[in-house]
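Okay, structure first, notes after.
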Amino acid sequence: MSAFYLTTPIYYVNARPHLGHAYTTIVADAMARWRRLAGDQVHFLTGTDEHGDKIAQAAAQAGVPPIRYAEEISAAFRETWRRLGITNDDFIRTTEPRHRRVVQAILQRLRDAGEIYLGRYGGHYCFGCERFYTEKEIVDGRCPDHQTPLTWIEEENYFFRMSKYQDWLVRHIGDHPGLIRPERYRNEILGFLRDPLQDLSISRPRRRLQWGIPLPFDDQYVTYVWFDALINYVSALDYPDGARFRTFWPVARHLIGKDILKPHAVYWPCMLKAAGIDVFRHLHVHGYWNIAGGKMSKSVGNVVEALALTEKYGNDAFRYFVMREMTFGLDADFSEEAFIGRLNADLANDLGNLVARATTLIAANGGVRRVPEAGELDDLERSIAERFARVVEGVEEAMSEFAFQRALARIWDLVAMLNGYVDATRPWEMARDGAARPRLERVLYVLAESLRFLGIVLAPFIPDAAARIRSALGQREAPRLADAVWGRLAPGTPVEKLSGLFPRVDAPRAEGAVAPDAGPATAPERAAAPEQAAAAAAGAAPPGPAGMATLADFQKIDLRVAEVVAAEAIPRSRKLLKLTVAVGDERRTVVAGIAEHYAPADLVGKKIVIVANLEPATLMGVESRGMLLAGSADGALAVLTPDRDLPPGARVK
Ligand code: MSP
């Protein structure tokens, strides 16, 4: 078993999590899941960067002590990652004693070795970036990043003798071609290193900034936030003696956005070298998400709340979109239209339809609902079987370069091939012809086995959908890449029909996902008025001027009788119940705002009426696939039930 250590940047706690943070964390998560699937021992680290001017200023503005401010935003990051299903193994905060201890130990060691000296420095300082800018970097007297005026600051500070590592660093990058990836960022750093490297100011005077880790050898100073933050990658492993440090540091990989290339590709290797610690193995650098072509960053202000989007469209759709849309290393544009385009084309049409068609055909096969025998494969089928190994190779190769978009494209090649296979073989016609039975069974085996394969290889990318696919095929064990080989599916395995894996979305939904700082308020709001929210989520148009619906309007609504098979309260919700209902052969979850009127036990066994084709909406973290009909007046509420017995699934007109 190989060890695999992957880190994200630790995020500043002066702003809530947004799309940019979510992207880095999601791709790191997909990578961690991929390596676990392959059998590696994975350690996946993320966390929050809590010291420095920026945080002190944000806290002062909010009128709270910096530690309280940091606590709150760090918790918001943890909560966001929990909701997004991120599988980090650890979460480091730079205000934790375990981190502070290591920062101070490294500072002391460098000071004792003469690597840190007290010097005088004057320079143009940007409070937003927390760094000095050289004359060459300044644009019209302003910060090139924030476009704000710079402040001239002159003071005594401690400096790290970084300049003395310049030649070594150039050689190290030359000797390790895979150190900084993709290539363009390696070239950028080599270009930067053509000019003389300056020593790095690693302290801030206490009289100007208190919010930081005190220097162990001079308590009039706190540590410069970047010097503090970079050390998280080893403090979280219990450097220097921890078992985790021994196992994982030799295989360290850092994943970052291009904005923080220089601290990671220049300061950090020099700091490690000076402290006698091996340099990390790889630095993987991704590009920037722009919104409508413009830059997006928390300090500029137009941020997208990651949660607002995932709540609307689901975690898997969001993960798929960001990984498929951005070519790793390059910038990409984010728009809700592009998101919906991919969701409909790749997830609802290609994958969702394949899964629905295949499981429906198998489930309908003579009412047996089991995987049939494979029999003798024909050429086309053999080429599908052989394709499995090629897909795994392609995904492996793409993932070794962090090329998530290419990994997904390889899997979707197979999805397209399988859809072509269904179209070409037309199994629904074979079902009517007794003589075609052996052929039909073979086709169904190929489809079932292919879905099992997809349920494994998709697990790192769209984990929830992949789990649903595996479960429809009776695969209950944790997925393993070793099982992504042809022929493992046992004939006789029970199969459940799985439709609506990714429902289509018609147009950007009304609530405005891309609104700046939409905030996590969406969830409670939706919970408070689930029916309206569900209607809004379905993109329901407001009534026309006359308030009349046409027959065609009404016919768009698919009303069905459903039988309640289970009901339970939703924790922390006063109004909502989670119902499991049978609609025909299918089981669904429907969330209904009736908890103040019905006890869960009163509903079990009742036949109710639901809107069956309403797009799913997530309410208090539960995905609702349908809406129960109820009437209300003067505070009383009654659930509609048919007044004679009808089978679940019966249409209501
Ligand atoms: N605290 C430092 C990092 C210290 S690491 C030792 C920091 N924090 S940050 O909160 O500003 O996060 C920066 C990171 O967030 C980027 O490197 C990137 O991973 C992610 N993104 C922030 N905005 C982004 C985009 N618009 N697009 C893509 N990712 C971006 O810098």
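Projected area of the stretch 573-626, taken from the Cα convex hull and averaged over every viewing direction, in nm²? Could the numbers behind the result be given before it?
On the way: hull surface 15.1 nm².
That works out to 3.8 nm².
Mind pulling up the Rg/Rh value for the stretch 331-487? Radius of gyration and Kirkwood radius, both on Cα. Spell out each step's value before the answer.
Values: Rg = 16.1 Å, Rh = 16.4 Å.
Dividing the radius of gyration by the Kirkwood radius yields 0.98.
Could you pull out every one of the aspartates and glutamates with an alpha carbon less than 14 Å from that of Lys578, ignoring same-chain neighbours closer than 8 positions?
Cross-link targets: Glu531, Glu563, Glu568, Glu596, Asp602, Glu623.
Whole-Å semi-axes of the stretch 548-653's equivalent ellipsoid, largest first, each the root of 5 times a Cα gyration tensor eigenvalue?
Numbers: eigenvalues 88, 50, 45 Å².
In descending order the semi-axes read 21, 16, 15 Å.
Pairs of Cα atoms under 8 Å, at least six residues apart: use those to get the relative contact order of the chain, whole percent. Intermediate values should be presented prior to the final figure.
Working: 1110 pairs, mean separation 75.2, N = 653.
Relative contact order, the chain: 12 percent.
Please report, in whole Å, how far the alpha carbons of the stretch 195-240 spread along each principal axis, starting with the longest.
33, 32, 17
Based on the alpha carbons, how large is the Rg to Rh ratio for the stretch 156-256 when Rh follows Kirkwood?
Details: Rg = 16.4 Å, Rh = 16.0 Å.
Answer for the stretch 156-256: 1.02.
By its C-alpha gyration tensor, with a ≥ b ≥ c as the square roots of the eigenvalues, how is the stretch 309-402 shaped: rounded for a/c under 1.5, else prolate for a/b larger than b/c, else oblate? Kindly include the intermediate steps, with their values, before the conclusion.
Details: a/c = 3.27, a/b = 1.52, b/c = 2.15.
Cα axes put the stretch 309-402 in the oblate bin.
Counting pairs of Cα atoms in the stretch 169-222, how many percent are more than 15 Å apart?
Numbers: 869 of 1431 pairs.
Value for the stretch 169-222: 61 percent of Cα pairs lie more than 15 Å apart.
Do the sum for the chain: with -39,500 (n - 2.57) for every DSSP H run of n ≥ 4, divided by all residues, what is the mean residue ellipticity at 222 nm, to the nearest 500 deg cm²/dmol?
On the way: 23 runs with 248 residues, N = 653.
That comes out to -11500 deg cm²/dmol.
For the stretch 358-400, state what percent of all Cα-Cα pairs lands in each successive 5 Å bin, counting from 0 Å until the bin that includes the largest distance.
5, 19, 13, 16, 18, 14, 10, 4, 1
If the viscosity is 1.002 mPa s and the temperature 20 °C, what translational diffusion coefficient in µm²/s does Stokes-Einstein give for the stretch 1-95 when Rh comes from Kirkwood over Cα pairs? Provide the component values of the computation, followed by the final result.
Details: Rh = 13.9 Å.
Using the Kirkwood radius from Cα pairs, D works out to 154 µm²/s.
Tell me, what does the Kirkwood hydrodynamic radius of the stretch 417-486 come to in angstroms if you use every pair of distinct C-alpha atoms? All intermediate terms of the calculation are to be shown ahead of the outcome.
On the way: mean 1/r = 0.0760 Å⁻¹.
The answer is 13.2 Å.
Treating only the Cβ atoms of Lys and Arg (+1) and Asp and Glu (-1) as charged, compute the dipole magnitude of the chain about its Cα centre; round to the nearest 20 debye. Don't skip to the answer; put the middle values down first.
On the way: 80 positive and 82 negative charges, 159 e Å.
The dipole magnitude comes to about 760 debye.
Among His282, Gly649, Leu347, whose Cα sits farthest toward the positive end of the charge dipole of the chain (+1 at Cβ of Lys/Arg, -1 at Cβ of Asp/Glu, about the Cα centre)?
Result: Gly649, furthest along the dipole toward the positive end.
May I ask for log10 I(q)/I(0) of the chain at q = 0.05, 0.10 Å⁻¹, from a Debye sum over the Cα atoms as equal point scatterers with solvent left out?
Those come out to -0.29, -1.00, one per q.
What does the stretch 34-175 give for Rg and for Dmax, in Å, if only its C-alpha atoms count?
Cα radius of gyration and Dmax of the stretch 34-175 are 19.6, 54 Å respectively.
Antiparallel as a % of all DSSP beta bridges within the stretch 146-283, to the nearest 5? All intermediate terms of the calculation are to be shown ahead of the outcome.
Details: 7 of 10 bridges.
Given both bridge residues lie in the stretch 146-283, the antiparallel proportion sits at roughly 70 percent.
Taking 0.36 nm per residue of separation and subtracting the Cα-Cα distance, what length does fully extending Asn187 through Asp378 add?
63.7 nm
Taking a virtual spin label 7 Å from the Cα of Leu330 along the C-beta vector, which residues in the stretch 397-416 bring their backbone nitrogen under 14 Å of it?
Only 403-406 pass the distance filter.
Give the cysteines in the chain for which no other Cys Cβ lies under 4.7 Å away, or write none if there are none.
Cys270
Answer with one residue from Pro205, Pro240, Val170: the one whose Cα lies farthest towards the positive end of the charge dipole of the chain, charges on Cβ with Lys, Arg +1 and Asp, Glu -1.
The residue sitting farthest along the positive end of the dipole is Pro240.
Would you work out which of Ile610, Asn315, Ile260 lies farthest towards the positive end of the dipole of the chain? Charges go on Cβ: Lys and Arg +1, Asp and Glu -1.
Comparing the listed Cα positions along the dipole, Ile610 ranks first.
From the backbone phi of the stretch 49-56, what are the Karplus-calculated ³J(HN,Hα) couplings (6.51 cos²θ - 1.76 cosθ + 1.60, θ = phi - 60°) in whole Hz, Gly and Pro given as x?
9, 10, 9, x, 3, 4, 6, 4
D for the stretch 127-172, whole µm²/s, Stokes-Einstein with Kirkwood Rh over alpha-carbon pairs at 25 °C and 0.890 mPa s: what number? Present the calculation step by step, with values, prior to reporting the outcome.
Working: Rh = 12.9 Å.
Using the Kirkwood radius from Cα pairs, D works out to 190 µm²/s.
Would you kindly give the portion of the calculated P(r) for the stretch 598-653 that falls above 15 Å, as a percent of all Cα pairs?
Working: 930 of 1540 pairs.
Above the 15 Å cut-off, the stretch 598-653 has 60 percent of its Cα pairs.
Enter the accessible area of Tyr598 (Å², nearest 10), with the probe set to 1.4 Å and all protein chains included.
Surface accessible to solvent at Tyr598 totals approximately 40 Å².
Short version: what are the Cα gyration tensor semi-axes of the stretch 221-280, square root of 5 times each eigenvalue, largest first, in whole Å?
On the way: eigenvalues 72, 41, 23 Å².
Equivalent ellipsoid semi-axes, largest first: 19, 14, 11 Å.
Restricting to bridges with both residues inside the chain, how much of the DSSP beta-bridge set is antiparallel, in percent to the nearest 5?
On the way: 55 of 80 bridges.
Rounded to the nearest five, the antiparallel share is 70 percent.
Could you list, bin by bin from short to long, the percent of Cα-Cα pairs of the stretch 79-145 in 10 Å steps?
Whole-percent P(r) values from 0 Å outward: 15, 21, 29, 26, 8.
Any chance you could give the angle, 0 to 90 degrees and rounded to 10, that helix 183-192 forms with the longest Cα principal axis of the chain?
So the inclination is approximately 20 degrees.
Give the angle, between 0 and 90 degrees and rounded to the nearest 10, that separates the Cα long axis of helix 404-425 from the longest principal axis of the Cα atoms of the chain.
10
The values are calculated or read from the model by the stated rules, or taken from the named source; none is laboratory data. Here the structure is a predicted model, which is why all the values come from computation and not from measurement. Backbone-built Cβ (ideal geometry, glycine too); neighbour counts: all protein chains shown. SASA here: full protein model, heavy atoms, side chains in, ligands and nucleic acids out. Shrake-Rupley method; radii C 1.70, N 1.55, O 1.52, S 1.80 Å.
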